[in-house]
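A short write-up of the structure that comes next.
The values are calculated or read from the model by the stated rules, or taken from the named source; none is laboratory data. It should be emphasised that the depicted structure is a prediction, and the values quoted were computed from it without experimental measurement. Here Cβ is always computed from backbone atoms with ideal geometry, including for glycine, and neighbour counts include all displayed protein chains. Quick note on the areas: whole protein, heavy atoms, side chains included, nothing else; ligands and nucleic acids left out. Shrake-Rupley method; radii C 1.70, N 1.55, O 1.52, S 1.80 Å.
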Amino acid sequence: MRKNIVKQTALGLGIAVVISILISFLLLIGVFRGLELKTLDYRFQWRGPKDVSHSDLIIITIDDQTFKSCRDRYPFPRDYYATLVENLKEVGVKLIMFDIQFTEPDIKNPLGDKILADAINKAGNVILAGKIAREFTRGGLYEYVDEPIPVLMETGSDWGIVGEMQDSDGFMRRYLIFEPYQDKLLYSLGSRVFFYEKGLPREPKLSFNKRDGYFVFSDSSGKNVQKILGHRGSRGFEQTILINYYGPTSTFPTYSMSSLLDDADFDLRDEEDTDYLEIFKKNSIYPYEFKIALLADSTKQVEAFSALALGDTERVDEIIDSENPFKDKIALIGVSLEELHDNKYTPFYNYSGVQRLMPGVETHAHAIQTMVDSSFIKSVPILVDILIIFILSMITAVMVIFARPVIGGAVAVILSAAVVAGAFWLFTHQSVWIYLIPLVVTVVSSYGGNVIYLFLSEQKEKKKIRGMFQTYMSPKVLKYLEDHPDAFSLSGEKREATMFFSDVQGFTTISESLSAEELSIVLNKYLSPMTDILMQYDGYVDKYEGDAIMCDFGVPMEDPDHAWKACYAALDQQKKLEVLREEIKKDHGVDIFVRMGVNSGIVSAGNMGSAQRFQYTVMGDAVNQASRFEGANKQYGTYLMVGEETLKRAKDY
C-alpha cells in the first residue's frame with residue numbers, strides 16, 4: 001500500500017511538473033496574453049474610478065457642440081486655434097498641449113499658420129504634436145518624422161509624438177514614453193507634459209535601471225530626478241507604461257472647444273454666442289456687474305456684489321478667480337467626434353454596462369496623470385509567475401493524490417478562487433498586475449491531469465484485481481476490492497483469517513471406478529454448489545486440488561465475521577451434500593462424503609509464487625492446522641472439525 005502511494009505521488013508530481021513546464025512555455029510565447037488583457041480590464045472595472053480632484057489636467061475637445069456652434073466647417077482654419085491659445089493663456093492656463101497635428105499648411109486661410117504661430121509664440125506654453133510616419137513602399141518600410149510645419153517649429157515650442165500603442169484586441173492600455181529615431185529620442189506628448197510639470201528641461205538626462213525597470217530623468221545638475229516605470233513585457237522592459245486609467249470617459253473635467261472660443265471677439269452662431277469666457281478674462285470688455293451675474297454660485301455672486309459696492313475690485317477678482325475652472329490648469333486639446341476616428345477602446349469601455357469609447361486626447365490625460373502621480377502598474381516578473389505556476393501545480397497534484405478527486409476538486413476550486421481574489425486585491429490595493437489566466441489554467445490542468453491519471457491507474461488496478469479474483473470470490477467481495485484497492489496488500493501482510501479445507505472421502509477409489517469424462521462431470525456437480533456456498537459467505541476460494549478445496553475467510557477483504565461465516569459455510573455444504581449425494585449416487589453410482597477442517601489465526605497473506613506466475617494465498621501455522629483438522633476427521637470418523645480459535649470467535653453465533 002505504501003509503495004503504491006509513493007508511486008502515485010511520484011507520478012502525480014511528475015504530471016504536475018510536465019504541466020507546469022508546458023504552461024510556462026505557453027506563457028513565455030504569449031499564448032495567454034489576449035485573455036490576460038481582458039482580465040486586466042475586469043480588474044480595472046472591479047477597482048472602479050479613482051479620484052482626480054487633485055489633478056491639474058482639463059480636456060478641451062472638438063465635439064458635437066463645437067460643430068454646432070462654429071460658423072466654419074471642419075477642418076477649422078488655424079486662426080480658430082490661435083484664438084483658443086490666446087484665450088487659454090488669458091484665463092490662466094499654465095500649459096497647453098495639442099493632440100491635433102499641424103503638419104500641413106492651412107488650406108482655408110493662407111495667413112492662418114502665421115496667426116497661430118504668433119499666438120503660440122506669445123503664449124510661450126504650448127506643446128505641439130507630430131508623429132513618426134511609416135509607409136510601405138515597393139522598397140519596404142519607409143519611416144520619417146512628420147513634425148509640425150516650419151513656421152510653428154520656429155516658435156521654439158516643444159513638440160511630442162502621438163504614438164498609438166494598441167494591443168491585438170484594439171484596446172489602448174500602453175503609452176509610449178519615447179521612441180528612438182536615428183541618433184535621437186523622440187518623446188511622446190505625455191512625456192513632454194510630464195517634464196514640464198516636474199520642472200525638467202526639454203532634453204533631460206536619461207538612464208535606465210535594469211533591475212527595477214525605471215527610466216530615470218534628471219536635469220543637468222542631477223538634483224531634480226524623476227522616474228517613469230517601464231512596462232514589463234514578455235521580452236523585458238519596454239519604453240512604454242501601462243496606463244493606470246483613473247476611470248471611464250469624462251473622468252477629467254471636459255469642455256467643448258466652442259466654450260473656450262466664446263468671447264466678445266469671436267462670433268459663434270447666434271443662439272450659441274454667450275461670450276461665456278469673458279467672465280474669467282482679465283482684460284474683458286465687460287464690466288464687473290456682467291461677470292458677477294454669470295457666476296454659477298449664487299453665494300459667490302452676493303459676496304462679489306458686496307465687495308464691488310465697497311469698491312474692492314481686488315476682492316472681486318479673487319472671487320471670480322476662485323470660480324475659474326481654467327486657472328493654473330494644463331489644457332489638453334483634441335477631438336472627440338466619432339466621425340474623426342480618434343476615439344479609443346480602454347479597460348473602462350463597458351464600465352457599469354455602458355459602452356463608451358474614450359477620446360484619444362483623454363487617454364493622454366490618464367497616461368500623464370499616471371506619470372505625474374507615479375501610480376504605475378507594476379508587472380510581476382515572469383520568473384515569479386513561473387514559480388507560482390509550479391507551486392500551484394504541485395499543491396493541486398498532492399491534494400488530488402492524498403485527498404482523492406472530490407476533496408482535491410474542492411481544494412482546486414478554493415485555490416482558483418484564492419488566485420483570482422489575490423490577483424484582484426493586488427491590483428486594486430497595490431497596483432500590481434499578476435498574470436491570472438496561466439495560474440487558473442495550471443490549477444485546472446494539474447487537477448484534470450492527476451484525476452485522469454488516478455482514473456486510469458484505478459482502472460488498471462481494478463482490471464488486475466478482477467483478473468486475479470473474479471473466479472475465486474463473490475461479486476460483492478470483488479466489487480469491494482475494486483473500489484478499495486488499498487484495503488489489502490498484494491506484497492504480503494499479517495492478517496487474521498479463517499481457513500477452510502475440504503476433501504472427498506475415498507476419492508481415489510471413486511476416480512478409478514469412473515471414466516475420465518464421467519469423473520469430470522461428478523467433480524463439477526460437486527464443486528459448483530460447494531463453491532457457491534463458500535462465496536455466499538464472502539469466502540475467497542484459494543485453490544482447487546483435484547477434489548480438495550481451500551478457501552479463506554477474512555482475506556483479501558477484511559471481515560470481522562470470518563470465523564462464523566466459515567463455520568456456517570461448512571454446515572451449509574454438509575446439508576447440500578445430503579441432497580447432492582443421492583443425485584450423484586443415482587446418476588453415477590458413487591457415494592460422495594466430504595471431510596472438512598476449519599481453523600482461525602494470524603496468517604501471511606499476499607501474492608506468492610515466482611516472478612512469472614504467482615497467486616494470492618495465505619501461509620502460516622493456522623493454515624497448516626486447518627489442513628490437519630481436515631485430515632484428522634478420518635481417525636475420529638467425523639466429517640467436520642473446527643479449531644479452538646475458530647470456536648472462540650464463532651460460538652456466540
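List of remarks:
- Applying a DSSP loop filter and a limit of 16 other Cβ atoms within 10 Å to the trypsin sites (Lys or Arg not before Pro) in segment 122-167 leaves Arg138.
- Computed from the C-beta positions of Gln301 and Glu104, the FRET efficiency with R₀ = 56 Å rounds to 0.75.
- Normalised size of segment 349-445, defined as Cα radius of gyration per 2.2 N^0.38 Å with N residues, equals 1.45.
- Segment 150-172 and segment 14-56: distance between their alpha carbon centers, rounded to Å: 28 Å
- With R₀ set to 41 Å, the beta-carbon distance separating Ser610 from Lys651 gives a calculated FRET efficiency near 0.50.
- Here's the list of aspartates and glutamates a cross-link from Lys344 could span, going by alpha-carbon distance under 18 Å and ignoring same-chain residues fewer than 8 apart: Asp41, Asp63, Asp64, Asp99, Glu164, Asp167, Asp169, Glu362.
- Degrees between helix 437-469 axis and first principal axis of the chain (Cα, 0 to 90, nearest 10): 10 degrees
- Quarter of Cα convex hull surface for segment 548-637, i.e. mean projection, nm²: 8.0 nm²
- Summarising the amide proton neighbourhood of Gly643: residues at separation of 5 or more, or on other chains, whose placed amide H is nearer than 5 Å comprise Val598, Asn599, Ser600.
- Under 19 Å from Lys585, Cα to Cα: lysines that are on another chain or at least 8 residues apart: Lys525, Lys575, Lys576
- The lysines whose alpha-carbon is closer than 23 Å to the alpha-carbon of Lys460, local same-chain residues fewer than 8 away aside, are Lys3, Lys7, Lys476, Lys479.
- Cross-link table Lys565/Lys648; Lys282/Lys329; Lys94/Lys114; Lys131/Lys198, entries beyond 21 Å C-alpha to C-alpha: Lys94/Lys114; Lys131/Lys198
- Computed log₁₀ I(q)/I(0) - Debye formula, equal Cα scatterers, no solvent, segment 138-209, q 0.18, 0.28 Å⁻¹: -0.91, -1.36
- With the cut-off at under 17 Å, measuring from each backbone N in segment 1-43 to a point 7 Å along the Cα-to-Cβ line of Ser168 picks out 23-41.
- Rounded to the nearest whole Hz, the Karplus-based 3J(HN,Hα) values (6.51 cos²θ - 1.76 cosθ + 1.60, θ = phi - 60°) of segment 202-208 follow the sequence 4, 10, x, 5, 10, 9, 10, with x at glycine and proline.
- Spacing of the modelled spin labels on Val413 and Asn283, each 7 Å from Cα toward Cβ, amounts to 7.4 nm.
- If R0 equals 56 Å, the separation of the Cβ atoms of Asp183 and Ala293 corresponds to a calculated FRET efficiency of about 0.45.
- For Lys651, Lys38, Lys586, the ranking by accessible surface with the largest value first comes to Lys586, Lys651, Lys38, using a 1.4 Å probe.
- Just so you know, the Rg over Rh for segment 601-653 is 1.11, from Cα atoms, with Rh as the Kirkwood radius.
- For the chain, the longest principal axis of the Cα atoms and the long axis of helix 360-373 meet at an angle of about 80 degrees.
- Here each label is just a point 7 Å from Cα along the line to Cβ, and for Glu154 and Lys585 those points are 13.8 nm apart.
- The C-alpha atoms of segment 557-599 occupy a region whose extents along the principal axes are 42, 16, 15 Å, arranged from largest to smallest.
- For the chain, the longest principal axis of the Cα atoms and the long axis of helix 33-47 meet at an angle of about 70 degrees.
- Segment 1-125, Cα convex hull volume normalised per residue, Å³: 231 Å³
- Across segment 1-71, Cα-Cα pairs more than 13 Å apart make up 81 percent of the total.
- Gyration tensor (Cα) of segment 169-250, equivalent ellipsoid semi-axes in angstrom: 22, 16, 13
- Per residue, the convex hull spanned by the alpha carbons of segment 232-389 comes to 198 Å³.
- Computing semi-axes √(5λ) of the Cα gyration tensor in Å for the structure here picks out one of (1) 97, 25, 21; (2) 44, 32, 23; (3) 75, 39, 28, namely (1).
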